[in-house]
There are 2 protein chains.
Amino acid sequence: MAPSVTVDTINPKVLKCEYAVRGAIVTHAQNLQQQLQTNPGSLPFDEILYCNIGNPQSLGQQPITFFREVLSLLDHPPLLDRDDTHALYSADSIDRAFKILDSIPGRATGAYSHSQGIKGLRDQIAAGITARDGFSANADDIFLTDGASPGVHMMMQLLIRSEKDGILCPIPQYPLYSASIALHGGTLVPYYLDEATGWGLEVSELKKQLDDARSKGMTVRALVVINPGNPTGQVLAEDNQKEIVEFCKNEGLVLLADEVYQQNVYVDDKKFNSFKKITRSMGYGEEDVALVSFQSVSKGYYGECGKRGGYMEVTGFTPDVREQIYKVASVNLCSNIPGQILASLVMNPPKDGDESFESYTAEKDGILSSLAKRAKTLEAALNSLEGVSCNKAEGAMYLFPRFDLPNKAIEAAREEKIAPDLFYAQRLLYATGIVVVPGSGFRQVPGTWHVRCTILPQEDKIPAIVTRLTAFHEKFMAEFRD
Amino acid sequence: MAPSVTVDTINPKVLKCEYAVRGAIVTHAQNLQQQLQTNPGSLPFDEILYCNIGNPQSLGQQPITFFREVLSLLDHPPLLDRDDTHALYSADSIDRAFKILDSIPGRATGAYSHSQGIKGLRDQIAAGITARDGFSANADDIFLTDGASPGVHMMMQLLIRSEKDGILCPIPQYPLYSASIALHGGTLVPYYLDEATGWGLEVSELKKQLDDARSKGMTVRALVVINPGNPTGQVLAEDNQKEIVEFCKNEGLVLLADEVYQQNVYVDDKKFNSFKKITRSMGYGEEDVALVSFQSVSKGYYGECGKRGGYMEVTGFTPDVREQIYKVASVNLCSNIPGQILASLVMNPPKDGDESFESYTAEKDGILSSLAKRAKTLEAALNSLEGVSCNKAEGAMYLFPRFDLPNKAIEAAREEKIAPDLFYAQRLLYATGIVVVPGSGFRQVPGTWHVRCTILPQEDKIPAIVTRLTAFHEKFMAEFRD
C-alpha cells in the first residue's frame, strides 16, 4: 500500500501555517549545538546564544523565590503540616499556600478544575485586575489557560468560519497570530505599524485596511493589538488606545488585546494601560465593546515560560456566546493547576509587610532594571552599525532593527532562494552562534528587512554579543558592500 | 450597532461540538452544590457525588508521594542544596530530582522546552516504553502534551481536511473524539461495540462501516481504538489487537490508540498490551503501520488530572509529515514542564531497592485493588436493579450500565424534550446528588439507554451510593412501570 498519510494528503491549513520563532533558523542552531557537544572547538564560537525567543530562564534568569516556594508547597501539601518546613520556606509562602489550598475544592491539587480554572484563583486574579485598573473585574470573566496561546487559538476557533473571515493584525506581528489564523482557515488582514514614528499605530491605517478588506467581500471580525508590542517593543499612549477602542466599537470588531508584556515597560514617559481600563474609563461597558485581554506567566519579570500559565479576561459577549466559549474550554477539561496557581500569584504578589516583600521586590526590580539596561546597550550597538536603524524597546523583550542590506547581499540571498533577512540571520548564526529571527517571519513592509533579537542574554554576556555582532556585521558589509 | 458576535455568526463547527462529560447535567450539579452551600438542608442529600468524570483526586484519592516529592523539589531547586531538605523528602526523590534537573538544558525548570518536550525526559519515557513492551522506543517519536487531549486534537487537525474525511470511532466513544472531529470539521464514522459480548470489537464491523463510508465518497483516514475502553471498560485480547493492526495496515488507516488507562486493569485473565508492542510483535515496522499511542498522567493509579501531563508516541509517518506534526506542536511552544516531569516519572516509577519503593508500591497497590473492589461492588449493585444490565469493568474507571426504561418514562422524557437517559440521570441527580453522564453523550445503539458512572468514589462512600441509587431506582420504576 502507498503510505496513507503524505504531505499532499494532510490538512492544507497545517501546511500553510508558519511559525518562524521556532522555524528553520532554530533547527540550524540546534544542529550546531549538537556539533559543539560532540566536537567542541569545531566552530568559531563555543556556545549558541538563543536570542530568538522570549525565554528568559533559558538564558539564566532566576525565578522569583516566593512564587516557586508556593508552588513547591502546593505540589506536596503534607509539607504544610510539618514543623521542618519553616526552616526551608518563608512564612508568607506557607501562609499563601494554605490559603490557596483551602480555596481548591476538596484541597485536591491533582484534580481537574472547573474548565475556566479554580474559582478561588479566578477571584484572586479578578482582584488583581481590579487593583491594577481601578475598575472592577469579575471571576466569571476569567478563563485560565496553558499560557496565552491556547486562549488565542480558542478565540480564533470561535470567530473564524472560512477564509472570508478576516482578523486585523499588526505588521510586524507575533507569528502566533498568523499561525492560528492559518490553522483555523481565516485570513489575516494586515495593518502596518509606522516604523518612522516608533512603530506608531494609526487609526487611519486601521480604517483603510478594514475598508479595503470589506470591499473585497471579507467580514472582518476582530482587531489584534499587541501592547507592549511584539516584535516591535512600542508602548501605546492612552489617547491612541482610546481611538482604538472607539474604532472597534464603531466597526463592531472584537478587540483581542495581547497584554502579556504588561509588566515589561522600560521608559519613564510611558506606562502600561490595559484596554479594559481604557474602555471602562471611556464609560463603555459590556454592551459596547467585546474585549478579550490575554495575560501569561511566561513574560513580565517572572518569565515562567515552562509553567504554561495564563488567562484571558472575556468581556462584552452575550451569555449564549460565552456558553460556547466555555464549551470549547471544557473540551480540554482545564489548564494545568500549577500554571493556574502561578497566574494568581503574579496578579497578587507579596505586599508591603509580608516577610518576602523585600526580597521579592529586590528580585523583581533587579530583573526589570537589568532588562532596561540590556535593551539600551543592544539598541545603541545596533544603531552604531552601518545601514542599521533600531527603534527604542519601550517595552516587551525585543529589538526589531531594520537592515538596509546592500544589493549584492540581496542578490546572494536570491541565489540561495531565501529571503535576505534569513540570509543575514544564517550568516550571523554560523559566524557567531547568535540566533535571531528574520523579520520575514513576522512580516514587514515589502522591501524592508529586519531581524528580531531578544534583550534577554544576561548582562555579563552582552559585551561579547556586541563585539561579535559588530565584527560580524563589518565583515558582512565588507563582503557585500555595493 | 448590533452585537458583532452572536451564536448565529460564530464558527458553526463550534456550535456543533458537544462535550457531555462537562455538559448540562454537570451545570445542574454545580447549581445544586451552590444551593447546598448557601442553604444547607434544602435538598434531600448533603453532598454532590461527581461520578461523571474520571477525576480521582476530586473524590479523595491521594497523590503518590514519590511523584509529588520530585515535583516539589523541582519547583524550587535551591532546596536540593539544603541539608534540611533530607528531613522532609525521601533520598530517592532528591536523587531523582537531581538527575532530572541535570537533564534540563541550563537546569532551567522555568524555560520553554523543545516543542516535543525536554529531551532527557523523552529519553526516560522511551526507556519506560521499551521496558513495558520489550520493543525499543525512540525519544524522537515522543511528543509531550498537556494531557492526552491536545495530542488528539493535533492529530485530528493534521488528518482532517473537510467533512469528506472520516475517522472511525467506537460507539460508545469518549466524547473528546466526537468533539475534536466536529471542531476540525470532519465526520465521525461510527463502529459499534457489541454489548452482548462484553463490548466486543469485531473487525467485520470495522470493515462494514469502512466500506459503507467509502461507498458514500468518504476518505476514512484513521481508526480510533480506546483500550482499556472508555466508557465501556473492556480490555482487548491480544488476538483481537492483531486483527485490528492487520486491518489498519491493509486499509491504509492511521491507528490512533488511546491507551491512557494502560495501568487500569482489574481482572486476572486480561492484560494490557500496547498497540506498539502488538504491531512490532507481528514484525511490522515504520513502513507498515502509522500508529499514534496516547498516554496521560491523569489516569492509571496516579490520577494526576490537574497536572495536565501526557505524551503521544508517533510512529510510521514519513519525515516530511513528522515535520508538520512538529510544526503544529511548536505553535504552542511546549507543554507544561511539571506535567512533562510527571510523565517521565509515571513511566519510570521507583524500583526495587529505592528508598521509596515499598511505600510507593503500597500506595499503588492500595489504589488499584480498591478500584477493582469498587468496580465489582457497583457492578453487582447495578445488575441487581430491575431492568438494568451492566458489563464488567475489566479496566479503565467506568461502568456503562444499560437501562431498559419503561415506556412511560420514555414518554415522560419525550414530553420534556430530552433523551430518556438524560431524564433518568437528572432525576437521579435531584433525588440523590449522584452525577452520572447520560449514554447519549457517548452515543449508543439507537433505542438503547445507558449512563456512564465512574468507580471513583472512595470505598467508604460506596455503601451509601448503592443504598441511595437502589432506593431511587425502585421509586423511579414504581412511578413509571408500564
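General observations
- The average projected area of the range B:372-432, computed from the convex hull of its Cα atoms over all directions, is 4.7 nm².
- Percentage relative contact order, chain A, counting C-alpha pairs under 8 Å, at least six apart: 21 percent
- Over 22 Å between alpha carbons, listed pairs B:Lys376/B:Lys408; B:Lys16/B:Lys207; A:Lys373/A:Lys461; B:Lys408/B:Lys475; B:Lys119/B:Lys327; A:Lys307/B:Lys307: B:Lys376/B:Lys408; B:Lys16/B:Lys207
- Other copies of A:Thr9: label-to-label distances in nm, shortest first, labels 7 Å along the beta-carbon direction: 4.0
- Number of partner chain Cβ atoms within 10 Å, mean per residue of A:296-303: 1
- Local charge for A:Gly310 was computed over the other residues whose Cβ lies under 14 Å away, with Lys and Arg +1 and Asp and Glu -1, and equals -1.
- Cβ neighbours within 10 Å from other chains - mean over B:217-226: 1
- Volume in Å³ per residue [convex hull over Cα atoms, computed for the range A:20-94]: 152 Å³
- Normalised contact order of the range B:112-346, rounded percent, pairs of Cα under 8 Å and 6 or more residues apart: 26 percent
- The apolar share of the surface of chain B, taken as the fraction of accessible area on carbon and sulfur atoms (1.4 Å probe, ligands and nucleic acids excluded), comes to 50 percent.
- For chain A, a simple Cβ point-charge model (Lys and Arg +1, Asp and Glu -1, everything else neutral) yields a dipole of about 980 debye relative to the Cα centre.
- Residues of the range A:322-346 whose accessible area, computed with a 1.4 Å probe over protein heavy atoms, drops by at least 30 Å² once all protein chains are present relative to their chain alone are A:Gln324, A:Tyr326, A:Lys327, A:Val328, A:Ser330, A:Val331, A:Asn332, A:Leu333, A:Asn336, A:Pro338.
- Applying both filters, DSSP loop and at most 16 other Cβ atoms within 10 Å, to the GluC sites (Glu not before Pro) of the range A:260-316 gives A:Glu286, A:Glu287.
- When the accessible areas of B alone and A alone are added and the area of the pair subtracted, with a 1.4 Å probe, the result is around 7300 Å², both sides summed.
- Shape box of the range A:201-268 [Cα atoms, principal axes, largest first, Å]: 42, 20, 17
- Convex hull volume of the range A:121-271 per residue (C-alpha atoms, cubic angstrom): 123 Å³
- nm² value of the averaged projected area, convex hull over the Cα atoms of the protein assembly as shown: 39.5 nm²
- A dipole drawn for chain B from +1 and -1 charges on Cβ atoms has a positive end, and of B:Ser370, B:Asn39, B:Phe66 the residue lying farthest that way is B:Asn39.
- Counting only residues at least eight positions apart within a chain, or on another chain, the aspartates and glutamates with an alpha carbon under 17 Å from that of B:Lys392 are B:Asp194, B:Glu195, B:Asp268, B:Asp269, B:Glu379.
- Each other residue within a Cβ distance under 14 Å of B:Leu371 adds +1 if Lys or Arg and -1 if Asp or Glu, for a net charge of +2.
- Cβ neighbours within 10 Å from other chains - mean over B:104-117: 6
- A dipole drawn for the range A:112-346 from +1 and -1 charges on Cβ atoms has a positive end, and of A:Leu144, A:Val267, A:Pro175 the residue lying farthest that way is A:Leu144.
- More than 43 angstrom apart: percent of Cα pairs within chain A: 17 percent
- Rg and Dmax, both from the Cα atoms of the range A:1-63 and both in Å, are 17.4, 53.
- Taking Cα centre as origin and charging only the Cβ of basic (Lys, Arg, +1) and acidic (Asp, Glu, -1) residues, the dipole magnitude of the protein assembly as shown rounds to 1520 debye.
- Viscosity 0.890 mPa s, temperature 25 °C, Stokes-Einstein D of the range A:157-215 from Kirkwood C-alpha radius, µm²/s: 204 µm²/s
- Its alpha carbons give the range A:417-456 an Rg and a Dmax of 10.1, 31 Å.
- At q = 0.11, 0.17 Å⁻¹ the log10 of I(q)/I(0) for the range B:8-150 amounts to -0.75, -1.05, computed by Debye summation with a single uniform scatterer per C-alpha, solvent ignored.
- Low-density loop cleavage sites - trypsin sites (Lys or Arg not before Pro) in the range A:362-443, where at most 13 other Cβ are within 10 Å (DSSP): A:Lys417
- Bridging of A:Lys277 to lysines at a Cα separation below 17 Å is possible for A:Lys242, A:Lys249, once same-chain residues fewer than 8 apart are set aside.
- Threshold 30 Å², the range B:47-80 residues less accessible with all protein chains present than alone (1.4 Å probe): B:Asn55, B:Gln57, B:Arg68, B:Ser72, B:Asp75, B:His76, B:Leu79
- Loop-located GluC sites (Glu not before Pro) across the range B:357-462 with a Cβ neighbour count of 14 or fewer within 10 Å are B:Glu386, B:Glu416, with loop assigned by DSSP.
- Within the range A:390-467: Cβ-based charge dipole about Cα centre, in debye rounded to nearest 20 (Lys, Arg +1; Asp, Glu -1): 160 debye
The values are calculated or read from the model by the stated rules, or taken from the named source; none is laboratory data. Worth saying up front: this structure is predicted, and the values here are computed from it rather than measured. Methodologically, a virtual Cβ is constructed for each residue, glycine included, from the backbone with ideal geometry; neighbour enumeration extends over all protein chains shown. For accessibility, only protein heavy atoms count, side chains too; no ligands or nucleic acids. Shrake-Rupley method; radii C 1.70, N 1.55, O 1.52, S 1.80 Å.
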